[in-house]
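S.K.: Below is the structure I would like to discuss, written out as structure tokens.
The values are calculated or read from the model by the stated rules, or taken from the named source; none is laboratory data. None of these values were measured; they are calculated from a predicted model. Using ideal geometry, Cβ is built from the backbone for each residue, glycine included, and neighbour counts are taken over all protein chains shown.
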Amino acid sequence: MDPRRAAAVSPPLVLVPGLLCDERLFAPQLPALLARTSVQIAETRLDPSLAAMASRLLAEAPPRFALAGLSMGGYVCFEVMRRAPERVIKLALLATQARADTAEAAQRRRELMALAERGEFEGVAPRLLPLFVHPDHLDRLAPLVTAMAAAVGKDAFLHQQQAIMARPDSSALLPEIACPTLVLCGRQDQLTPVGLHEEMAAAIPEATLVVLPRCGHLVTLERPESVTAQLLAWLEAPAAESGRGGR
């Protein structure tokens, strides 16, 4: 886990990247976040399951912390909430979902894994780009998304896809999340549509739903100023005195 230090005004923060992403996913937010608190970027490239990713995160995180994950990072967040909800002061679920994969999504993953396994990993990012990014931001973000995918690499990509496909449905967990929770997505997110975020926000007792216009799946890069503002407001809002993330 990559630690970034700053004067702690808000709770220490752990950020969890999504599939084929690294710390650059949160680069636009880091300067403002580091002015408020310390930030760690969770490691998601070394482990073959979401449970193992969550265990690594918990071993390296502060005793109590705010937690934010995007897409696959949100799936890791759910695993953290299963294992140690009392350690999570606040939760942010960005462009993610509580449901397990549909048959269509699982098939798309298997096709991309087959592409990588037959030596064509460089063809994965171009196929995902139209699903990851709103057309208005595609030209600007394509080089960065491709560079992150190359840095993550084939082996980690295969581990991540296997972990994602094996994840449980987390819908039953949602009512047990008792910490302040930000649920944020892009209006045009093709991978985790708005309806899935509305569903999560309705089921989590202390949830706030934010939907960003002209925005796809990679919200932190597509609408960086808006996401930064929402994360700062979430971090700085008062938390419950008990500070418990679960009941």
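S.K.: Can we say R82 is of a type in the set (D, E, K, R) and part of a helix (DSSP H, G or I)? Quick ask: steps written out before the conclusion?
M.R.: Details: of a type in the set (D, E, K, R): yes; part of a helix (DSSP H, G or I): yes.
Spelling it out, R82 is indeed of a type in the set (D, E, K, R) and part of a helix (DSSP H, G or I).
S.K.: What pairs come out if I take residues in region 113-129 that are surrounded by 13 or more Cβ atoms within 10 Å (Cβ to Cβ) and pair them with residues that are of a type in the set (S, T, Y) and part of a helix (DSSP H, G or I) whose C-beta lies under 9 Å away, six or more apart or interchain?
M.R.: E122/T146; A125/T146; L129/T146
S.K.: Now for a different question. Of the residues E117, E104, E206, which single one is within 27 Å of L235 (Cα to Cα) and acidic (D, E)?
M.R.: E206
S.K.: Going through region 97-112 one residue at a time, which ones are of a type in the set (A, V, I, L, M), surrounded by fewer than 20 Cβ atoms within 10 Å (Cβ to Cβ) and either within 20 Å of the chain's Cα centre (by Cα) or farther than 20 Å from A163 by Cβ (or both)?
M.R.: First, the residues of region 97-112 that are of a type in the set (A, V, I, L, M): 98, 100, 103, 105-106, 112.
Right, trim to surrounded by fewer than 20 Cβ atoms within 10 Å (Cβ to Cβ) and you get 100, 103, 105-106.
Across region 97-112, the qualifying residues are A100, A105, A106.
S.K.: Sticking with this structure for a sec: Here is a check on your reading of the model: is T102 hydroxyl-bearing (S, T, Y), touching a Gly at 6+ places or on another chain (Cβ under 9 Å) and over 16 Å from A42 (Cα atoms)?
M.R.: no
S.K.: Further, regarding this structure: Select, from T220, T228, T192, the only residue that is over 19 Å from K90 (Cα atoms), out of contact with any Gly (no Cβ under 6 Å at 6 or more places or on another chain) and modelled with pLDDT of 95 or more.
M.R.: T192
S.K.: Assess whether S71 counts as being of a type in the set (G, A, S), crowded, with 17+ Cβ neighbours inside 10 Å, modelled with pLDDT of 95 or more and over 23 Å from A151 (Cβ atoms).
M.R.: Here the answer is no, as S71 does not meet what is asked.
S.K.: Additional query: What single numbered condition from (1) in contact with a strand residue (DSSP E or B) (Cβ under 6 Å, 6 or more places away or on another chain); (2) more than 17 Å from T44 (Cβ to Cβ); (3) crowded, with 23+ Cβ neighbours inside 10 Å fails to hold for L94?
M.R.: Of everything listed in (1) in contact with a strand residue (DSSP E or B) (Cβ under 6 Å, 6 or more places away or on another chain); (2) more than 17 Å from T44 (Cβ to Cβ); (3) crowded, with 23+ Cβ neighbours inside 10 Å, L94 misses just condition (2).
S.K.: Tell me which residues, restricted to region 13-55, are surrounded by fewer than 21 Cβ atoms within 10 Å (Cβ to Cβ) and part of a helix (DSSP H, G or I).
M.R.: E23, R24, L30, P31, A32, L34, A51, A52, S55
S.K.: Could you tell me whether any residue of region 133-142 is surrounded by 11 or more Cβ atoms within 10 Å (Cβ to Cβ) and among the basic types (K, R)?
M.R.: yes
S.K.: Let me ask something else. Residue under question is V145, and the condition is that it be touching a Ser or Thr at 6+ places or on another chain (Cβ under 7 Å), in a helix (DSSP H, G or I) and closer than 26 Å to E43 by Cβ; does it hold?
M.R.: Against the criterion (touching a Ser or Thr at 6+ places or on another chain (Cβ under 7 Å), in a helix (DSSP H, G or I) and closer than 26 Å to E43 by Cβ), V145 does not qualify.
S.K.: From the list L184, L196, L221, L235, pick out the single residue that is assigned to a helix (DSSP H, G or I), within 24 Å of A84 (Cβ to Cβ) and in contact (Cβ under 8 Å) with a residue 60 or more places away in the chain.
M.R.: L235 is the lone residue from the list that is assigned to a helix (DSSP H, G or I), within 24 Å of A84 (Cβ to Cβ) and in contact (Cβ under 8 Å) with a residue 60 or more places away in the chain.
S.K.: Among the residues of region 56-78, what is the count of those that are assigned to a helix (DSSP H, G or I) and without any contact (Cβ under 8 Å) to a residue 60 or more places away in the chain?
M.R.: Within region 56-78, the subset assigned to a helix (DSSP H, G or I) is 56-60, 72-78.
Going one step further and asking which of them are without any contact (Cβ under 8 Å) to a residue 60 or more places away in the chain, we end up with 56-60, 73-74.
Here the count works out to 7.
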